[in-house]
1. With Cβ to Cβ distances under 14 Å as the rule, what net charge do the other residues near ALA151 carry (K, R +1; D, E -1)?
2. Mind listing the phi-derived Karplus ³J(HN,Hα) values for region 174-188, rounded to whole Hz, using 6.51, -1.76 and 1.60 with θ = phi - 60°, and x for any glycine or proline?
3. Once phi is turned into ³J(HN,Hα) by the Karplus curve 6.51 cos²θ - 1.76 cosθ + 1.60 with θ = phi - 60°, what whole-Hz value does each residue of region 337-342 show in order, with x for glycine and proline?
4. For region 444-484, rounded, prolate or oblate, judged on the Cα gyration tensor with a ≥ b ≥ c (square roots of eigenvalues), a/c < 1.5 rounded, else prolate if a/b > b/c?
5. Put one equal scatterer on each alpha carbon of region 272-380, apply the Debye formula with no solvent term, and list log10 I(q)/I(0) at q = 0.14 1/Å to two decimals.
6. For the cross-link pairs LYS367/LYS556; LYS519/LYS599; LYS247/LYS276; LYS276/LYS556; LYS519/LYS556; LYS200/LYS276, which exceed 31 Å when the distance is taken from alpha carbon to alpha carbon?
7. Report the local net charge at MET469: Lys and Arg +1, Asp and Glu -1, summed over other residues whose C-beta lies under 11 Å from its C-beta.
8. Calculate one ³J(HN,Hα) per residue across region 425-440 by plugging θ = phi - 60° into the Karplus curve 6.51 cos²θ - 1.76 cosθ + 1.60, and present them in order as whole Hz with x for glycine and proline.
Amino acid sequence: MPKSLRPLITLLVSVFALTQNACVSSAPRADAPPAQAESPAADPATGPATGPAGTTADKNDGLSITVPPEPVAEPRALSPELVFDVLVGEIAGQRGDLPLAVAHLLRASQESGDVSLAQRATRIALLAHDYGAALQAAEQWIEVEPDSEEAMRTASILYLRTGNVRRAAGHLGDVIARSGIDSGPVFDTVTVQLIREPNKPAALGVAEALLERFPEDSNAMFCVSRVAFTVGDRGRAITAAEQALAKRPDWARVRAFLSRLYVADGRVDEGLTALKTAIEHDQANAELRQAYARLLLEARRFDEARAEFQAILDRNPDDADSHYAMGLLELDADNPDAAEMHFMRLYELGERSNDASYYLGTIAEKKGQLQRAIRWYSGVRGGDYRIEAQIREARVLAMRGHVDAAVARLATIRRVEPELAVRLFMSEAEILRDANRMEDAMASYDSGLAEHPDDPDLLYARALHGERMGRIDWLERDLRRLIEIEPENAHALNALGYTLADTTDRYAEALSLIERAYKLLPDDHAVIDSMGWVQYRLGNLGAALEYLQRAAGLRKDAEIAAHLGEVLWALGRHDEAREVWRKALEDEPESDVLIETRKRLDN
């Protein structure tokens, strides 16, 4: 269609486009000045993000469609069929009938040859997850606007979704070819697109095809390496990164990535040595130092990592990533004051403020500064710790004596975040249990299981709570149901077996259950402790001692120590038993099981 007709089509679309209650966003106004086209409204139903003026992103498909301002021109008459398709398509979209909207807008796009309609048909087809129709519209878009990189990117993703590697690589290659001398930024964007692609083999195929088209471009080599690593092909990732580094030996980013690949491949020393050598040749390279410090963390060399992050902070006291890493390291080392200093500085810098608030809340809670903890937790507005902060805030409210307020708070979160209901029911029950409201806690578990029947986590938790209430029959009921659902649930097998060994004389049955758990988790300290305890109950003191000594070597635990001491006592090795209990009580002086065992045997 001649460009002179496009303003009228755009006006039709704009008049009938969806407003803030619609399922797609409205098109730019035809009467807007050419340099100031309106941004489309965010879609409340599907939640597309709104970017710069004239850009709408579809969060479900990872696509962004740019709608440029239309040229002002004298409108001409439109055919009745075209007007009908545009109006029906828009009204269908407004009513949520996306398939009907796609059919009419796609036909309007094909009939008119209009860019705005091709873009709109593509957009709505994507919202409808009709990739076939979206691909037709995107190709129409490219035909009408062959220089549009956005159209080519959109088509490439759609070809990826349908497994057409050749066509996807063709469009992306055309985008890269237009990038000029430095293809790095474009390859970075393409790599992120490929990494996010659900069809991983196809994504790697596209990366390899791009390398074939640009065989001397180190950015293409790095693209292959990153995509191969995401796919799980470490060997290909390593060779491609080595190829890129051979092409550009001073490329710090690739050197850091290659070192990480070596560590992931089990070549820890090789990876760390390569990166450390690079730092020695480029002392001022902050990127290399950061990568080296993070790699030390991945290798669990915490003392070395701490020293490296501190060296970075000595050079740049406001390095946010290093403050965050140091805060975590100090927490792990049980240095809350030092951790608090780093997280407070991170918060002051305005970097990762949600993470900083969460950890400052945990530190305040650990120090017994409960009101301060609540303030920090309430400041977590987003990020990975948003829900955990709200749960912890409720727990702190309960610790301050406001148990009912804490329960009400969790109920509110449950209404807003129904997908987290199981976790929230469990947190509610734990709060009530800690307040010694045992019946209320059981009622919470019951409510959770009424809403989510046979949920394994709720069944297991309710079983253990039944034991705390002295109702072994409830524990056995829930654990047997859980084992019926998950026959290889080692924790359920172990819990039931241990309880039968500890509270009944059904030792043979207990042994059978614990043996099944032991086959599944032969190195688990709790299962090994259960094996020792059931052997003790069966009178096999030698076997009991062997298992319990092994469990004690794996984990310092009051219950294991109580069991080990009791077996030693039964063997007549009283001094050794007393020493085991003494050391355990130094670590856990208020352990009921230790105190009861020693009092019962060594009175």
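Please treat every number below as a calculation from the coordinates, not as lab data. Quick caveat: nothing in here was measured; it's all calculated off a predicted structure. In this analysis, Cβ positions are derived from the backbone assuming ideal geometry, glycine residues included, and neighbour counts consider all displayed protein chains.
1. Surrounding charge for ALA151 is -3.
2. Couplings: 5, 4, 5, 4, 7, 6, x, 5, 9, 8, x, x, 5, 5, 4 Hz.
3. 5, 5, 4, 4, 4, 5
4. Taking the square roots of the gyration eigenvalues as a ≥ b ≥ c, region 444-484 is oblate.
5. -0.57
6. Details: LYS367/LYS556 24 Å; LYS519/LYS599 35 Å; LYS247/LYS276 20 Å; LYS276/LYS556 37 Å; LYS519/LYS556 23 Å; LYS200/LYS276 33 Å.
Long pairs (Cα-Cα over 31 Å): LYS519/LYS599; LYS276/LYS556; LYS200/LYS276.
7. Charge balance in the 11 Å sphere: +1.
8. Once rounded to whole Hz, the list reads 4, 5, 5, 4, 5, 5, 4, 5, 4, 5, 8, 6, 9, 5, 5, 5.
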